[in-house]
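See below for the structure under consideration.
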């Protein structure tokens, strides 16, 4: 497992664990469902990209991973806006999703050339 694979895996696990601490309201359930899907999909698509059948296949899978990470960042920011608390784990997840977006975006850009 390379460093990025590990970071994506850890991000998904930490996101799921964080979501377990949130209240059980209707709106949080919807956000939780979406965020679990996007945070785990980002890592899964990146994993799949590692065995891509072509450069185009690799780029497409990483692009999907980037989209899913962008979505994860969005849902985390929604939680922060709703929660309105300074939660260290939530702040970490938002920052990590920003960094992962930058890394994945850079890979997509470099793979286009």
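Summarising the label geometry, the points placed 7 Å from Cα in the beta-carbon direction at residue 10 and residue 50 lie 1.5 nm from one another. The order of the peptides 3-10, 42-49, 84-91 by mean Cβ neighbours within 10 Å, most packed first, is 42-49, 3-10, 84-91.
Using Cβ counts within 10 Å as a stand-in for footprinting exposure, how do 67, 20 rank, fewest first? If I rank by nearby Cβ atoms, fewest first, I get 20, 67.
The Cα atoms of the chain cover 44, 21, 21 Å along the three principal axes, with the biggest extent listed first. The C-alpha atoms of the chain define a longest principal axis, and helix 88-112 lies at about 20 degrees to it.
One Cα centroid belongs to segment 61-110, the other to segment 1-55; the line between them spans 10 Å.
Strictly greater than 16 Å: what percent of every Cα pair in segment 42-96 meets that? More than 16 Å apart: 50 percent of the Cα pairs in segment 42-96.
Report the calculated FRET efficiency for residue 109 and residue 87 (r = Cβ-Cβ distance, R0 = 35 Å), to the nearest 0.05. Between residue 109 and residue 87 the formula returns 0.60. Between helix 26-49 and the chain there is an angle of about 20 degrees, using the helix long axis and the longest principal axis of the Cα atoms. Residues considered: 30, 62, 13. Largest GNM mean-square fluctuation over the chain, using C-alpha springs under 10 Å, is found at 30. Computed per residue of the chain from DSSP H runs no shorter than four, each worth -39500 (n - 2.57), the mean residue ellipticity at 222 nm is -29500 deg cm²/dmol.
Bear in mind these aren't lab numbers, they're just calculated from the coordinates by the rules spelled out. Note that the structure is predicted; figures quoted are calculated from it, not measured. Cβ sites come from the backbone with ideal geometry, for glycine too, and all protein chains shown count toward neighbours.
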